[in-house]
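Here it is, the structure, as structure tokens.
The values are calculated or read from the model by the stated rules, or taken from the named source; none is laboratory data. Keep in mind that what you see is a predicted model, and the values were worked out from it rather than measured. Because the Cβ atoms are built from the backbone with ideal geometry, glycine has one as well, and the counts that use them run over all protein chains shown.
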Amino acid sequence: MAPPLVTLLTDFGLADTYVAQVKGVLLSLVPAATVVDATHAIEPGDILGGCLALESILPHFPQGTVHLAVVDPGVGTARLPLAVAAEGQLAVGPDNGLLTPLLALPGARAHAIRAGRFARAIVAPTFHGRDLFAPAAAHLLAGGSLDDLGPPVAAPVVVALPAAQLLAGGVDGEVVQVDRFGNCTTSIPAAALASPDPAAVRVTVAGREVRGLARTYGEVADGALVALIGATGRLEIAARNGAAGAVLGINRGTPVAVRW
């Protein structure tokens, strides 16, 4: 049997000890667990950013993985603590839309998390990640059931994820991520660009046009902009040995138009 596996995805950063405190609770309850840091660099309170990050990791983890996600500006309020199961993976976090990528999968089930035995003896109202979500995740890691955590939630909160709009002779989308290299991933999937001749594709973003769809970064001159299908399976705008995001002033939400 594979060892229990949990990912951590938060907006805690690494300057403080918050991440270590959550890990300490998890490992105290399930010492055999493998803890994988997905990211702790989500902008504070950026629910959509956390949602997109969670979406990006789901396809790469095995069934049985528990994803502990905490971007929780409403911590301690009436928002529910939530656990979700879908297609063999599980997630624990606030019911504020952060867990939308799992909730959107076929057959997804959501349950509220009761306090009591699925929480530490004292639950700080400002740190549910440590005192409520981590014990609930540990319960799932140890093979516990979703039903034991609490009652079903019929209408958990979901957020609208950026999508592509197909047009006659083109597709519109937007930038969903600018990574540390300055590469700009868009909401336009590879399937939307399967028909046109790659050489005929024109990508317009931030007032600049990129001609043609390349296969790799190295197909253009040093510093030149390039459009390609990135490792996420989506259209990406990059600059060879440069940062396209900084060059173009691109942020998440910047419109992208593709025509052919």
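Answer yes or no: is there a residue in segment 55-64 that is surrounded by fewer than 17 Cβ atoms within 10 Å (Cβ to Cβ) and under 15 Å from residue 136 (Cα atoms).
yes
A further question follows. Being small (Gly, Ala, Ser), under 20 Å from residue 5 (Cα atoms) and more than 23 Å from the chain's Cα centre (by Cα) is the filter here, so list the residues in segment 120-154 that pass it. Give the derivation first.
As a first pass, look at segment 120-154 and keep what is small (Gly, Ala, Ser): 121, 124, 129, 134, 136-138, 142-145, 150, 154.
Next, from what is left, pick out any that are under 20 Å from residue 5 (Cα atoms): 129, 134, 136-138, 142-145.
Passing the criteria: 142, 143, 144, 145.
A follow-up question, please. Do we find that residue 48 is under 18 Å from residue 61 (Cβ atoms), in contact (Cβ under 8 Å) with a residue 24 or more places away in the chain and buried (at least 19 other Cβ atoms within 10 Å of the Cβ) in this structure?
Details: under 18 Å from residue 61 (Cβ atoms): no; in contact (Cβ under 8 Å) with a residue 24 or more places away in the chain: yes; buried (at least 19 other Cβ atoms within 10 Å of the Cβ): yes.
No; evaluated as a whole, the condition is false for this residue.
To keep it simple, each residue is scored yes or no on (1) among the basic types (Lys, Arg); (2) at pLDDT 95 or above; (3) within 27 Å of residue 186 (Cα to Cα).
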residue	(1), (2), (3)
14	no, yes, no
20	no, yes, no
30	no, yes, no
43	no, yes, yes
54	no, yes, yes
79	yes, yes, no
101	no, yes, yes
106	no, yes, yes
132	no, yes, no
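For segment 122-140, what are the residues that are surrounded by fewer than 19 Cβ atoms within 10 Å (Cβ to Cβ) and either of a type outside the set (Gly, Ala, Ser) or part of a helix (DSSP H, G or I) (or both)? Lay out the reasoning, then the answer.
Step one: of segment 122-140, the residues surrounded by fewer than 19 Cβ atoms within 10 Å (Cβ to Cβ) are 122-126.
Result: 122, 123, 125, 126.
Determine which single condition residue 156 fails, assuming it passes every other condition in (1) buried (at least 18 other Cβ atoms within 10 Å of the Cβ); (2) assigned by TED's automatic domain parsing to the domain that holds residue 253.
Failing condition for residue 156: (2).
State which residue is surrounded by the most Cβ atoms within 10 Å (Cβ to Cβ) when the search covers only segment 184-205 and only residues that are of a type in the set (Gly, Ala, Ser) and either over 26 Å from the mean Cα position of the chain (by Cα) or farther than 24 Å from residue 51 by Cβ (or both).
Among them, the one singled out is 200.
Inspect segment 71-81 for any residue being under 21 Å from residue 176 (Cβ atoms), out of contact with any Pro (no Cβ under 6 Å at 6 or more places or on another chain) and either surrounded by 16 or more Cβ atoms within 10 Å (Cβ to Cβ) or in the same structural domain as residue 233 (by TED's automatic domain parsing) (or both) and give the result as yes or no.
yes
Residue under question is residue 153, and the condition is that it be within 29 Å of residue 84 (Cβ to Cβ), at pLDDT 95 or above and in contact with a strand residue (DSSP E or B) (Cβ under 6 Å, 6 or more places away or on another chain); does it hold? Full working, then the answer.
Details: within 29 Å of residue 84 (Cβ to Cβ): yes; at pLDDT 95 or above: yes; in contact with a strand residue (DSSP E or B) (Cβ under 6 Å, 6 or more places away or on another chain): yes.
Taking the combined requirement at face value, the residue satisfies it.
Sticking with this structure for a sec: Report those strands (runs of 3 or more DSSP E) wholly inside segment 159-260 carrying at least 1 residues which are within 30 Å of residue 95 (Cβ to Cβ) and in contact with a helix residue (DSSP H, G or I) (Cβ under 8 Å, 6 or more places away or on another chain). Steps first, answer last, please.
Working: elements: 165-167, 170-178, 184-189, 202-205, 208-211, 225-229, 234-239, 255-259.
Counting at least 1 such residues, we get 170-178, 234-239.
Restricting the first residue to segment 158-174 and requiring it to be touching a residue at least 60 places away in the same chain (Cβ under 8 Å), which pairs with a second residue that is basic (Lys, Arg) and buried (at least 18 other Cβ atoms within 10 Å of the Cβ) meet a Cβ separation below 8 Å and a spacing of at least six or different chains?
174/252
Check whether at least one residue in segment 23-36 is within 17 Å of the chain's Cα centre (by Cα) and more than 15 Å from residue 129 (Cβ to Cβ), and report yes or no.
For segment 23-36, residues within 17 Å of the chain's Cα centre (by Cα) and more than 15 Å from residue 129 (Cβ to Cβ): present.
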